[in-house]
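Reviewing the structure listed below.
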Amino acid sequence: MGWVTVADRVNIGLVCLFMMLWSVSGIGVNWGTQASHPLPPDTIVRLLRDNGFQRVKLFDADYDTLKTLGKTGIEVMVGIPNDMLAIVGGSMKAAVKWVAKNVTEHITSNNVNIRYVAVGNEPFLETYNGSYLGITFPALRNIQSALVKAGHNNQVKVTVPLNADVYESTNGSPSGGDFRSDIHDIMLTIVNFLSLSAAPFTVNIYPFISLYSDPNFPVEYAFFDGNASPVSDGGTLYYNMFDANLDTLAYALQKNGFADLPIIVGEIGWPTDGDRNANTEYARRFNQGFMSHISGGRGTPMRPGPIDAYLFSLIDEDAKSIAPGNFERHWGIFTFDGQAKYPLNLGTTNSGALIPAKGVQYLERKWCVMKPSARLDDPQVEPSVSFACGSADCTCLGYGTSCGNLDARGNISYAFNSYFQKNNQVEEACKFPNVSMITKTDPTPTDGNCKFHIMIQPYYGSAGWYGQKPLGLTSVLLLVFLLVL
């Protein structure tokens with residue numbers, strides 16, 4: 001795909017000046033909703049406000065979510081999921097309709113402070129095998145045109161949140177940064193369009209993923225403590241991966257003629273479970289280190305000055321795909337029910353501590369566990385556990401996880417309870433043949449970080465059930481019947 005050409009190209013000096021005036025302050029946060037039992041939007045919005053978040057990034061345009069953000073003053077980045085790119089990219093009419101419903105209505109009727117539209121989410125990931133290569137730019141172009149047509153282009157900017165794998169280094173250092181060879185042309189098309197539209201480049205940077213993917217990755221280089229051996233790039237020293245990664249992008253932009261294009265860090269964070277390096281201590285160390293790192297406004301060697309960033313993420317999501325790893329469901333600085341996981345000073349509260357969600361409603365205090373009389377070698381145990389974990393969430397089990405020290409019976413009980421809670425504690429969800437029972441005695445171990453959760457009350461929004469629907473009674477009975485066979 002070639003370069004975008006326009007007859008009335010905007011004066012670059014004016015664009016740069018506009019983007020300087022477009023600056024924002026304070027840390028932002030990602031609010032994902034891929035959960036079986038998400039907290040109600042009004043609870044989340046209060047959580048955002050109590051903790052001083054002035055910016056939030058969404059992954060869709062859920063009506064209740066956006067409406068609840070109205071009149072709060074919180075700056076919103078609303079999202080268009082990847083599976084909608086072909087629709088809005090293939091039809092200008094569809095793009096206009098999307099903007100009217102998800103931007104105009106909320107700005108004019110609900111007083112929502114929408115500032116960005118995120119067109120797709122990491123659409124060029126190598127794992128997508130090019131599925132979105134041909135439709136991302138048309139979607140970006142059509143949404144921008146729709147925003148202009150609706151008169152929002154001065155307030156609302158388009159962007160495409162991209163993974164850091166869209167660029168690479170030819171020499172192993174930031175100065176060798178350039179866009180990935182297989183997508184170089186399309187990246188220049190998008191970058192040029194963003195520049196002409198006075199819009200930012202959004203990138204997601206995850207030092208944790210580098211540590212997870214490469215057993216030889218130097219652990220200390222992922223953090224901001226200055227304990228790592230610095231990497232020298234022509235005399236410039238890099239003491240952490242974040243600075244090196246962001247500057248690799250900065251060099252890629254500079255190399256291709258866009259040295260002044262603003263950069264937003266769309267996602268950055270550290271998970272707390274699901275892997276031996278995903279724990280609360282590392283997460284606290286990383287996120288607190290990042291906050292301290294950016295608080296002085298120093299920026300990076302290539303991009304000195306304040307850094308606009310959104311922490312990933314606000315809250316855990318137990319329905320996310322675990323294809324990348326079990327850690328995917330544990331990125332939140334808050335648990336699924338809005339409780340702070342670890343001390344973190346964002347510099348936005350009087351106490352210097354995270355403030356938990358208020359008014360959370362839970363289901364009854366009861367759990368599903370393995371019967372004391374059941375034998376470990378009972379032939380029903382293995383298929384029951386397999387079914388429970390496949391249908392619920394067992395990502396806290398395994399080596400190096402929060403519940404990794406449970407014995408065999410503890411693992412089985414954890415799996416049963418996860419399924420039981422996900423299905424709103426219906427009695428049939430604890431009828432694993434001859435091996436399970438409901439108890440009102442909390443099976444949570446008294447030592448360690450493992451916890452047998454009680455699920456929160458399901459929330460019903462304007463469109464009905466809000467979240468991933470549990471199995472209906474008929475489905476549960478059918479599956480129990482299949483296990484008996």
Fill in the blank from the handout: Dividing the alpha-carbon radius of gyration of the chain by 2.2 N^0.38 Å, where N counts its residues, gives 1.03
Practice task
Evaluate E = 1/(1 + (r/R0)^6) for ASP225 and THR439, where r is the Cβ-Cβ distance and R0 equals 41 Å; express this FRET efficiency to the nearest 0.05.
Solution key: 0.40
Handout entry: Length-normalised contact order for the chain - Cα pairs under 8 Å, 6+ apart - percent
Key = 16
Practice task
Treat each spin label as a single point 7 Å out from the Cα along the C-beta direction, and report the ASN424 to ILE322 distance in nm.
Solution key: 2.4
Practice task
Mind grabbing the accessible area of ARG298 for me, 1.4 Å probe, Å², rounded to tens?
Solution key: 150
Problem - Per-residue ³J(HN,Hα) for the stretch 432-441, Karplus 6.51 cos²θ - 1.76 cosθ + 1.60, θ = phi - 60°, Hz, x for Gly and Pro - result: 6, x, 6, 10, 10, 7, 8, 9, 9, 9
Handout entry: Residue (of THR441, SER195, ASN111) at the positive-pole extreme of the chain, dipole from beta-carbon charges
Key = ASN111
Practice task
Could you order PHE432, PHE387 by accessible surface area, starting with the largest, using a probe radius of 1.4 Å?
Solution key: PHE387, PHE432
Completion exercise
Expected field for TYR459, accessible surface area in Å² at 1.4 Å probe radius, rounded to 10, holds 50
Handout entry: Net length gained if the chain between LYS451 and ALA408 were fully extended (0.36 nm per residue, minus Cα distance)
Key = 13.9 nm
Completion exercise
Counting only DSSP beta bridges with both partners in the chain, the antiparallel fraction in percent, to the nearest 5, comes to 35
Fill in the blank from the handout: Rounded to 0.05, the calculated FRET efficiency for the beta carbons of ASP185 and LYS149 at R₀ = 41 Å is 0.90
Practice task
Per DSSP H run of n ≥ 4, the term is -39500 (n - 2.57); total these for the chain, divide by its residue number, and report the mean residue ellipticity at 222 nm rounded to 500 deg cm²/dmol.
Solution key: -9000 deg cm²/dmol
Handout entry: For the stretch 367-439, size of Cβ-based charge dipole, Lys and Arg +1, Asp and Glu -1, in debye
Key = 100
Exercise for the section: Evaluate the distance, in nm, between pseudo-label points positioned 7 Å from the Cα of LEU237 and of LYS358 along their respective Cα→Cβ axes. Expected result: 4.7
Problem - Exposure ranking of SER175, SER232 by accessible area [1.4 Å probe, largest first] - result: SER232, SER175
Fill in the blank from the handout: Treating only Lys and Arg (+1) and Asp and Glu (-1) as charged, each at its beta carbon, one finds that the stretch 57-132 has a dipole about its Cα centre, in Debye to the nearest 20, of 360
Exercise for the section: May I ask you to work out the translational diffusion coefficient for the stretch 140-205 at 4 °C, viscosity 1.567 mPa s, via Stokes-Einstein with Rh from the Kirkwood sum over Cα pairs, reported in whole µm²/s? Expected result: 99
Practice task
Using a cut-off of 12 Å between beta-carbons, work out the net charge of the residues near ARG115 (Lys and Arg +1, Asp and Glu -1, ARG115 not included).
Solution key: +1
Problem - Of MET241, GLY89, ILE264, farthest towards positive along the dipole that unit charges on Lys, Arg, Asp, Glu beta carbons give the chain - result: GLY89
Fill in the blank from the handout: Residues meeting the amide H criterion for LEU162 (H placed from the backbone, H to H distance under 5 Å, 5 or more places apart or on another chain) are GLU122, THR202, VAL203, ASN204
Practice task
Kindly state, to the nearest 0.05, the FRET efficiency for SER295 paired with THR108, given R0 = 41 Å and r defined as their beta-carbon distance.
Solution key: 0.70
Problem - Size of charge dipole - the chain - debye, nearest 20, with Cβ of Lys, Arg +1 and Asp, Glu -1, no other charges - result: 1320
Handout entry: Distance between modelled label sites at ARG365 and ASN129, nm, 7 Å Cα→Cβ extension
Key = 5.1
Completion exercise
Checked against the positive end of the charge dipole of the stretch 27-334 (+1 on Cβ of Lys and Arg, -1 on Cβ of Asp and Glu, about the Cα centre), the farthest of PRO230, ILE307, HIS184 is ILE307
Fill in the blank from the handout: Using a 1.4 Å probe on heavy atoms of the protein chains only, the accessible area for PHE124 in Å², nearest 10, reads 10
Fill in the blank from the handout: Heavy-atom accessible area with a 1.4 angstrom probe orders ASP447, ASP214, most exposed first, as ASP447, ASP214
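The values are calculated or read from the model by the stated rules, or taken from the named source; none is laboratory data. Please read all numbers here as calculations on a predicted model, not as lab measurements. Don't worry about glycine lacking a Cβ; one is built from the backbone with ideal geometry, like all the others, and counts go over all protein chains shown. The area values use the complete protein model at the heavy-atom level, side chains included, leaving out ligands, DNA and RNA. Shrake-Rupley method; radii C 1.70, N 1.55, O 1.52, S 1.80 Å.
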